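Remarks on the structure that follows.
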Amino acid sequence: MAMAISAWRLGFHFSATTDNSLRVLEKPIFRVPFLNASSGFISTKPCYFLHKRRLLSSGTTIIPRAAAPATDVQNGNQGETDTVPTPIVIIDQDLDPDATVVEITFGDRLGALLDTMRALKDLGLNVVKANVFLDSSGKHNKFSITKADTGRKVEDPELLEAIRLTIINNLIQYHPESSSQLAMGAAFGLLPPKEQVDVDIATHINISDDGPDRSLFYVETADRPGLLVDLVKSITDIDIAVESGEFDTEGLLAKAKFHVSYKGKAISKPLQQVLANSLRYFLRRPATEESSF
């Protein structure tokens, strides 16, 4: 039976259901457990989005080359070191009122991304490649995405998370050297990150007024599957409404900006403190403790 949690203050719909459209992509290098329909994607609890102002890339990191064939990596023949750029996936709900805009960057290593577009279409989406541009951080591939059945932008946090994880899954499959640069590499990559991010050190939360009717909520923390759906639910659980925004996956980190309000007004200072304390507790709590609450 499908289970649904309606968040009327938020204006979005949280649902838990199995969907056999979430499947492992063609010719996988490795298995991705959460994309297997039999295991239930929603067991990982998906994510969400952010705001217009861009967050700067954290740069590049020197790690062993992982671009060799999978057999060479498994045999330990990783070759000489190479500068691997930081993978960045941006999901922007503010840029276009009629579409969800996705931007993917991995230095200058990405091609036409036809397999990624095909995988996103398999989620029931219309995908249009808007443009490609170059700057000092690399090649930026931008897509406009709408739901195939309605022609509208994606507003379901779980589907937004499915988009994000599908992109990351494809990135790791076709560019295995990105695995050690992504938090998801620990779960299903060939090479997990060399060092895990300390969530207490990595977590930064800031809330500021954004006019009389809403506030701007910013959070940066260690990435993991399902993080942003959990964030949105944690915010709405204390009666704070979440509007549009942007979500960046930047290497091992997730960076989110949301427009938020309380009863149609900007959040008061005392409530800002309640929200910040609640989220700091939520983010540092080990996942193994969730079943005890």
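If every alpha-carbon in region 97-171 counts as one equal scatterer, what log10 I(q)/I(0) does Debye give at q = 0.28 1/Å?
Reported log10 I(q)/I(0), two decimals: -1.42.
Largest first, how would Thr100, Thr150 line up by accessible area (1.4 Å probe)?
Largest accessible area first, the residues go Thr150, Thr100.
How far, in nm, would the chain grow between Ala276 and Asp108 when pulled straight, counting 0.36 nm per residue and subtracting the alpha carbon separation?
56.7 nm
Please give the length that would be gained between Asp156 and Lys263 if that part of the chain were fully extended, namely 0.36 nm times their separation in residues minus their C-alpha to C-alpha distance (nm, one decimal).
36.3 nm is the gain from fully extending Asp156 to Lys263.
Are any of the pairs Lys153/Lys265; Lys147/Lys233; Lys147/Lys257; Lys129/Lys153 more than 20 Å apart by Cα-Cα distance, and if so, which?
Long pairs (Cα-Cα over 20 Å): Lys153/Lys265; Lys147/Lys233; Lys147/Lys257.
Mind pulling the per residue volume of the convex hull built on the Cα atoms of region 196-285? Å³ is fine.
85
Probe 1.4 Å, all protein chains in place: accessible area of His140 in Å², nearest 10?
Counting only protein heavy atoms, His140 exposes about 20 Å² to solvent.
How do the peptides 113-119, 221-227 rank, highest first, by the average count of neighbouring beta carbon atoms within 10 Å per residue? Write out the running numbers ahead of the final one.
Values: 113-119: 17.7, 221-227: 22.0.
Descending packing order for the listed peptides: 221-227, 113-119.
Loop-only check: which trypsin sites (Lys or Arg not before Pro) in region 233-280 are DSSP coil with at most 16 other Cβ within 10 angstrom?
Details: sites: Lys233, Lys255, Lys257, Lys263, Lys265, Arg280; in loops: Lys263.
Passing sites in region 233-280 are Lys263.
At 1.4 Å probe size, with no ligands or nucleic acids counted, give the accessible surface of Leu125 in Å², nearest ten.
Surface open to solvent at Leu125 totals about 10 Å².
In what order, largest first, do Phe258, Phe282 sit by accessible area if the probe radius is 1.4 Å? Walk me through the numbers on the way to the answer.
Working: Phe258 0, Phe282 25 Å².
Largest accessible area first, the list is Phe282, Phe258.
Mind grabbing the accessible area of Ile104 for me, 1.4 Å probe, Å², rounded to tens?
10
To the nearest whole percent, what portion of all C-alpha pairs in region 144-272 is separated by more than 21 angstrom?
So the portion of pairs separated by more than 21 Å is 48 percent.
Around Asn131, under 12 Å between beta carbons, what's the net of Lys plus Arg minus Asp minus Glu among the other residues?
Counting the neighbours of Asn131, the net charge comes to +2.
Report the extension gain between Asn126 and Ile201 in nm, rounded to one decimal, defined as 0.36 nm multiplied by the number of residues separating them, less their alpha carbon distance.
Stretched fully, the Asn126-Ile201 segment lengthens by 23.1 nm.
Under 9 Å from the Cβ of Gly264, count the other residues' Cβ atoms, weight Lys and Arg +1, Asp and Glu -1, and hand me the total.
+2
The values are calculated or read from the model by the stated rules, or taken from the named source; none is laboratory data. In this text, all values refer to a predicted model and were calculated from it rather than measured experimentally. All Cβ positions, glycine included, derive from the backbone under ideal geometry; neighbour counts span all protein chains shown. Remember, those area values only see protein heavy atoms, side chains included, never the ligands or the DNA or RNA. Shrake-Rupley method; radii C 1.70, N 1.55, O 1.52, S 1.80 Å.
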